[in-house]
1. Starting from the Cα-Cα distance between residue 137 and residue 102, subtract it from 0.36 nm times their residue separation and give me the gain in nm to one decimal.
2. Please compute the length gained on full extension between residue 40 and residue 116, using 0.36 nm multiplied by the number of residues separating them and subtracting their Cα-Cα distance.
3. Kindly put 129, 116, 94 in sequence by how many other C-beta atoms sit within 10 Å of each C-beta, fewest to most.
4. Loop-only check: which GluC sites (Glu not before Pro) in region 43-124 are DSSP coil with at most 10 other Cβ within 10 angstrom?
5. Taking H as built 1.01 Å from N, whose amide H comes closer than 5 Å to the amide H of residue 74, not counting residues under 5 places away?
6. Let me check I have the definition right: for region 33-121, take the eigenvalues of the Cα gyration tensor, multiply each by 5, take square roots. What are those semi-axes in whole Å, largest first?
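All of the numbers you see were taken from the coordinates with simple rules; none came from a lab. Everything numeric here is computed off the predicted structure, so don't read it as measured data. Heads up, the Cβs are rebuilt from the backbone with ideal geometry, glycines too, and the neighbour counts pull from every protein chain shown.
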Amino acid sequence: MKIKNNTILVSFLLIVSVIFFSAAIPYRDGFKNLQVLPKNISEKKLDEIMHQFNDGLAVNCDYCHVKDSKSEDMAFELDDKPEKDIARGMIKLTDSINYNYFRQYDKDSMLVWRVTCYTCHHGDPYPDTHKPAKGINLLNGN
Ligand code: HEC
Ligand code: HEC
């Protein structure tokens, strides 16, 4: 009888610790909805990139991300805000500028960007384009 009780106690502690530790490690199942960034990106690198977005546009995470309507926790994998999808295009745009026109491009690290979100945005989601007084067409020189 004593042995049985111990077994129950040990299993109980095991279950409790599994629940505790898995709750302490967010994203333990990997990221769920990466369409542009590398799917095997580390949590640290993704976090650095997201903070670059915040700094570049002077916004918070909720500018692009929403909360789960039931749990009220941030649900970063959801695509409910159009800003998130626009940002995907902006990641591709910024990455291709760096890849095509800058030599110090490291293909394994999107963080090694010479041109960043900040280069254009300077802390503003709607960067001022300073429209030229006269329309210009760079391609035909007029
Ligand atoms: C300017 C928009 C923007 C801001 C601001 C932003 N994110 Fe993101 N985030 C994105 C985009 C776009 C993706 C998806 C990238 C892709 O599809 O490869 C993403 C993906 C993520 C993911 C992966 C979710 C999954 O499982 O697929 C996490 C986690 C995340 N962001 C956290 C954050 C945090 C934390 C902040 C604030 C520090 C933040 N983001 C700020 C645009 C943004
Ligand atoms: C080459 C310049 C350039 C770069 C680099 C750039 N953007 Fe943009 N971005 C713009 C311009 C211009 C707009 C349009 C603003 C407007 O409609 O007035 C814009 C619009 C946006 C918008 C939409 C704002 C809205 O609510 O309509 C988001 C979000 C955004 N950019 C995120 C990013 C992120 C994140 C990065 C870096 C990965 C980035 N941008 C890099 C020029 C740039």
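1. Numbers: separation 35, 0.36 × 35 = 12.60 nm, distance 2.44 nm.
Stretched fully, the residue 137-residue 102 segment lengthens by 10.2 nm.
2. Full extension of this stretch gives 25.2 nm more.
3. Arranged by neighbour count, lowest to highest, 129, 116, 94 become 129, 116, 94.
4. Working: sites: 43, 48, 72, 77, 83; in loops: 72, 77.
Loop-located and lightly packed - 72.
5. Those qualifying (amide H under 5 Å, at least 5 residues apart or on another chain) are 68.
6. Working: eigenvalues 121, 39, 25 Å².
Taking √(5λ) for each Cα gyration eigenvalue gives 25, 14, 11 Å.
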